[in-house]
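Some notes on the structure that comes next.
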Amino acid sequence: MKRPLSPSQYKAFAELAKQIEGINEAVYQAFDRDPLEPIIGLGPADAPLAFFGRDPGREEVRYGEPFIGGGGQLVRRGLYRHLHGADMPDFEASRCVGEGFFWINTVPYKPLGNRAWSMAVKRRFHPLMRQLLIDNWQGRNIVTLGREAFLWFGLDQPREVRQQLEAFWQREDRFTAYFDLELTTGTGSGRAFRLHPLPHPSPRNLTWYKRFPELLQIRLQQLLG
């Protein structure tokens with residue numbers, strides 16, 4: 001079940017959202033949604049797996065849930081098939097199947113157009129998103145979706161780690177191998193995580209879109225058995 005942010009977390013996100021430009025306010029208005037409301041799925045603290053993406057889209061704003069649009073449905077269909085051995089029957093089943101997992105993005109607001117948030121905006125939100133992973137979730141294994149999501153983990157890391165992440169992304173086996181690193185909060189507490197990258201599940205990603213379901217099933221078999 002979706003875990004709400006604490007009042008202090010909500011306030012921190014809303015205050016930061018007021019300070020940036022580029023939130024697609026027209027889409028929020030179309031669905032009568034507050035553009036300062038962060039779209040973060042969270043999930044059980046003991047969820048066995050986290051999914052880490054780029055940013056919410058139109059359908060995510062509509063439902064107030066991350067990973068619920070086209071790309072997210074591809075992930076959820078794969079999850080359903082792995083867990084139940086059958087095709088996902090309907091949209092409500094896609095919402096239910098995600099309740100046991102932790103969902104998070106680089107920035108929890110929809111940007112204008114279909115562009116990724118700038119590096120400057122991602123840096124602004126990085127401490128808050130990083131703290132959610134460290135403090136709100138007890139797990140270790142993170143499936144990252146796309147290059148932007150994977151390289152986000154290099155923010156505020158030593159140059160050597162950033163170079164290692166870049167080099168890893170160039171490897172031919174990057175979608176079956178994993179990358180270990182540590183994240184720390186502003187107060188110095190930290191934990192080790194293991195990144196399991198996959199391509200971005202978008203139809204525009206012509207190189208990998210057709211192979212995504214197969215690659216996802218391999219990952220889920222590795223991580224969930």
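Observations on the structure shown:
- DSSP-defined antiparallel bridges as percent of all bridges, the chain, nearest 5: 40 percent
- Karplus (6.51, -1.76, 1.60) ³J(HN,Hα), θ = phi - 60°, over segment 172-184, in Hz, Gly and Pro reported as x: 5, 9, 4, 8, 10, 8, 9, 10, 9, 7, 10, 10, 10
- Radius of gyration and maximum dimension Dmax of segment 1-113, Cα, Å: 14.3, 46
- Within the chain: Cβ-based charge dipole about Cα centre, in debye rounded to nearest 20 (Lys, Arg +1; Asp, Glu -1): 360 debye
- Accessible area per residue, Å², segment 97-222 with all protein chains present, probe 1.4 Å: 48 Å²
- Considering only N105, A177, G43, and ranking their Cα positions along the charge dipole of the chain that arises from unit charges at the beta-carbon of Lys, Arg, Asp and Glu, the one farthest toward the positive end is A177.
- Note, ³J(HN,Hα) from phi for segment 53-61, Karplus 6.51, -1.76, 1.60, rounded to Hz, x at Gly and Pro: x, 7, 6, x, x, 4, 5, 5, 5
- In order along segment 69-79, the phi-based Karplus estimate (6.51 cos²θ - 1.76 cosθ + 1.60, θ = phi - 60°) of 3J(HN,Hα) comes to x, x, x, x, 5, 5, 5, 5, 4, x, 4 Hz; Gly and Pro are listed as x.
- With all projection directions averaged, the alpha carbon convex hull of segment 68-141 covers 6.1 nm².
- All-pairs alpha carbon distance profile, segment 153-225, 5 Å steps from 0, percent: 3, 14, 20, 21, 18, 14, 8, 2, 0
- Protein accessible area in the chain, 1.4 Å probe - carbon and sulfur %: 49 percent
- Its DSSP H runs of at least 4 residues, each contributing -39,500 (n - 2.57), put the calculated 222 nm mean residue ellipticity of the chain at -12000 deg cm²/dmol, to the nearest 500.
- Look at the alpha carbon pairs under 8 Å that are at least 6 residues apart: their mean separation over the length of segment 164-219 gives a relative contact order of 28 percent.
The values are calculated or read from the model by the stated rules, or taken from the named source; none is laboratory data. These numbers were taken from a predicted model, which means no experiment stands behind them. Cβ coordinates were reconstructed from backbone atoms using ideal geometry, including for glycine residues, and neighbour counts include every protein chain displayed. Ligands, DNA and RNA are excluded from the accessible area calculation, which covers all protein heavy atoms including side chains. Shrake-Rupley method; radii C 1.70, N 1.55, O 1.52, S 1.80 Å.
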